[in-house]
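Engineer: Sharing a structure, written as structure tokens. Questions coming.
The values are calculated or read from the model by the stated rules, or taken from the named source; none is laboratory data. Nothing here was measured: the structure is a model prediction, and the numbers come from that model. Here the Cβ is made from the backbone with ideal geometry for all residues, glycine too, and neighbour counts use every protein chain on show.
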Amino acid sequence: MKDYTMKYIQSGDLIIAVSCEATSNKITEVYSPSTLLLYTQIGTLHVQIGDKKFDIRKGQFALLRKYTEAKLYKTLDEEMGFAKTYGFGLTNDFIERVIHEIALPKIKSTTEAFFDVPNTQKLNSLMLSLIEYIDNGEEIDIDTIESKTLEALRAIAEANTDLLKIFKEFSNNERVSIEKIMKHNFLYNIPLETIAKQSGRSLSTFHREFKTIFNETPHRWIMKQRLYHARNLMKVERMKPSNVYLESGFEDLAHFSKSFKKQFNITPSEFYNSL
């Protein structure tokens, strides 16, 4: 049985926000292409970046800079026996579209990757509205996302104007590791054009460098990673094939079963029953 539950809200191919309800302190590694506004509703969320550790306690907010390798784990609420956290992705495109509406003075560059955000009434109201979307599993449109992004930026400015100054820098495209971005995002159905842009490359350059690194096409590599992930979920967590395909990035059970048999010469059901 899984010791965590994930829910998302999306706009097209982009995952905009996510919630995680956990009954264990399992470590999750992240390398997000979006700057994350994090919020803890129940328990405590711990963020480890290198040898630095940060805590986001119940009712607190924080910012995690995009493309930061971090490990997340939770301390459960003693009475309730679980922890619940939320993340809202502030993507480059959306920041750039709304940032001009807020006056930003020039600042020096910063290498810091984690920032505490003081709790305000505006941030609380924003998070409550996002929680409704996430918990209901709704997909929201671009206009709503831009509106929520602008709300978030204004709420952060209200909490601490110095924090908002970093967003101009955060919204710049950066050339980042293809290995890292693929390792942390292969389960999500993100178009290669989007991944290439997020990595700071053109699509043709991305394809060329990917082939050099992995010696196969992105599509084939992603398929293999998902299939091995699915096999591991069945073997380690004893998840049934009817559940595991969705957790592994597949949208269709028949396609998953066919691909699994082609890769491992056995159907998912046969593999699961043999354990």
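Engineer: Kindly indicate whether LEU45 is at pLDDT below 90, within 21 Å of LEU130 (Cα to Cα), among the aliphatic types (A, V, I, L, M) and crowded, with 19+ Cβ neighbours inside 10 Å.
Structural biologist: Against the criterion (at pLDDT below 90, within 21 Å of LEU130 (Cα to Cα), among the aliphatic types (A, V, I, L, M) and crowded, with 19+ Cβ neighbours inside 10 Å), LEU45 does not qualify.
Engineer: Can you tell me which residue within the stretch 115-128, out of those that are buried (at least 18 other Cβ atoms within 10 Å of the Cβ) and within 15 Å of PHE54 (Cβ to Cβ), is farthest from the chain's Cα centre (by Cα)?
Structural biologist: In this case the residue turns out to be VAL117.
Engineer: Keeping to the stretch 68-88, report how many residues are assigned to a loop (DSSP other than H, G, I, E, B) and of a type in the set (S, T, N, Q).
Structural biologist: Number satisfying all stated conditions: 1.
Engineer: Then there's this: Can you go through ILE266, ILE213 and tell me which one is farther than 19 Å from ILE190 by Cβ and aliphatic (A, V, I, L, M)?
Structural biologist: Residue meeting the stated conditions: ILE266.
Engineer: Then there is this: Would you pick out the residues in the stretch 237-275 that are among the charged types (D, E, K, R) and within 26 Å of the chain's Cα centre (by Cα)? Explain how you work it out, then say what you get.
Structural biologist: So the first thing to find is which residues in the stretch 237-275 are among the charged types (D, E, K, R), and the list is 237-238, 240, 247, 251-252, 258, 261-262, 270.
Listed by number, the residues that qualify are GLU237, ARG238, LYS240, GLU247, GLU251, ASP252.
Engineer: For the stretch 187-255, please list each of the helices (runs of 4 or more DSSP H) lying entirely inside it that holds at least 1 residues being modelled with pLDDT of 90 or more, touching a helix residue (DSSP H, G or I) at 6+ places or on another chain (Cβ under 7 Å) and surrounded by 13 or more Cβ atoms within 10 Å (Cβ to Cβ).
Structural biologist: 203-214, 218-236, 241-247
Engineer: I need every pair where a residue in the stretch 165-184 that is among the polar types (S, T, N, Q) has its Cβ under 7 Å from the Cβ of a residue that is in a loop (DSSP other than H, G, I, E, B) and modelled with pLDDT of 80 or more, sequence separation at least 6 or different chains.
Structural biologist: The qualifying pairs are ASN173/GLY200.
Engineer: Here's something else I'd like to know. Tally time: how many residues in the stretch 89-145 are under 28 Å from THR44 (Cα atoms), assigned to a loop (DSSP other than H, G, I, E, B) and at pLDDT below 70?
Structural biologist: Qualifying residue count for the region: 3.
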